[in-house]
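The structure under discussion appears below in the form of structure tokens.
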Ligand code: SAH
């Protein structure tokens, strides 16, 4: 298949610029056309751990630099990455900074862009499909559905110190948000689940855990708040995982389109028991 761009007045990645770009959750087809345009022009691609190899193959002319973090002090490493981007831009490179999902969603893209701008480096931001939306869609979980929720909350399960974020008011989130989407939640899932239950959510509330969403290795666990820790351990699931709490997860019974592509039957045409066609008034 060709990856030619359709004709359009595409922006040029100029020497000395950094384009901070989302690569989507995994499936290379979820890249934006701006991302593809950037891959075509870059001299250097600095990419994170969650960016798929296949996407880098679309920039064969560029140097590929891995900037994933492996332990250590996250903030110090982050600063190193940002300063490396500054150096590359100042050396006159066309720099593509490629991050998983969307660069401004739990991706430190805001910090990197701020550092670049503070150093006088011109920046363009290219949004991407975030795992908390697109990753769930690949599991047949709609983050909003008229019969389920009028709000959705995106939370991170880690703060800068690696702990459950203490600044989060879990009780308020439990009480105020019908659907809760948790990034980086695996490490502290037991604590998060018990905070949500303490905040009033039922232990039987459905939870979906989607690992390596949108890739060929995507795996979906359907569980509940009360049993999630044991079920994750039993299934042997590893990060990256996006976790969705709420009735949206039951919609998978009808909307698991990937399962249906593989020949699995629809489990329930009306999982919310509305007893009427989905689109009646
Ligand atoms: N900027 C990214 C999020 C980065 S934080 C975005 O917008 O998606 C990293 C976390 O994102 C992971 O710990 C996981 O919770 C989630 N994540 C990213 N890609 C994922 C994938 N393919 N499958 C499941 N979770 C993913």
- Message: Quick check on this structure: which one of 200, 120, 162, 92 is within 13 Å of the ligand (Cβ to nearest atom), surrounded by fewer than 19 Cβ atoms within 10 Å (Cβ to Cβ) and in a loop (DSSP other than H, G, I, E, B)?
- Response: 162
- The condition from (1) surrounded by 15 or more Cβ atoms within 10 Å (Cβ to Cβ); (2) in contact (Cβ under 8 Å) with a residue 12 or more places away in the chain that residue 171 misses is numbered (1)
- Taking the residues in segment 216-246 that are more than 13 Å from the ligand (Cβ to nearest atom) and touching a residue at least 60 places away in the same chain (Cβ under 8 Å) as candidates, determine which candidate is farthest from residue 187 (Cα to Cα). 246
- Counted residues in segment 235-257 being exposed (fewer than 15 other Cβ atoms within 10 Å of the Cβ) and within 22 Å of residue 201 (Cβ to Cβ) come to 1
- Query: Within segment 24-54, which residues are in contact with a strand residue (DSSP E or B) (Cβ under 7 Å, 6 or more places away or on another chain) and in a helix (DSSP H, G or I)?
  - Reply: 30, 34, 35, 38, 39
- Please find, within segment 139-156, the residue that is nearest to the chain's Cα centre (by Cα) out of those that are assigned to a loop (DSSP other than H, G, I, E, B), surrounded by fewer than 22 Cβ atoms within 10 Å (Cβ to Cβ) and touching a residue at least 24 places away in the same chain (Cβ under 8 Å). 143
- Scan segment 9-19 and give yes if some residue there is in contact with a helix residue (DSSP H, G or I) (Cβ under 9 Å, 6 or more places away or on another chain), within 26 Å of residue 137 (Cβ to Cβ) and either surrounded by fewer than 19 Cβ atoms within 10 Å (Cβ to Cβ) or touching a residue at least 60 places away in the same chain (Cβ under 8 Å) (or both), otherwise no. yes
- Query: Is it the case that some residue within segment 258-268 is surrounded by 13 or more Cβ atoms within 10 Å (Cβ to Cβ) and within 13 Å of the ligand (Cβ to nearest atom)?
  - Reply: no
- Restricting attention to segment 258-272, does a residue exist that is touching a strand residue (DSSP E or B) at 6+ places or on another chain (Cβ under 9 Å) and closer than 19 Å to residue 164 by Cα? no
- Hey, which of the helices (runs of 4 or more DSSP H) in segment 219-281, taking only ones fully inside, have at least 2 residues that are in contact with a helix residue (DSSP H, G or I) (Cβ under 6 Å, 6 or more places away or on another chain)? 228-235
- Here are 210, 179: which of them is within 15 Å of the ligand (Cβ to nearest atom) and either within 27 Å of residue 259 (Cα to Cα) or within 16 Å of the chain's Cα centre (by Cα) (or both)? 210
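All of the numbers you see were taken from the coordinates with simple rules; none came from a lab. Owing to the predicted nature of the structure, the values given are computational and were not obtained by experimental measurement. All Cβ positions, glycine included, derive from the backbone under ideal geometry; neighbour counts span all protein chains shown.
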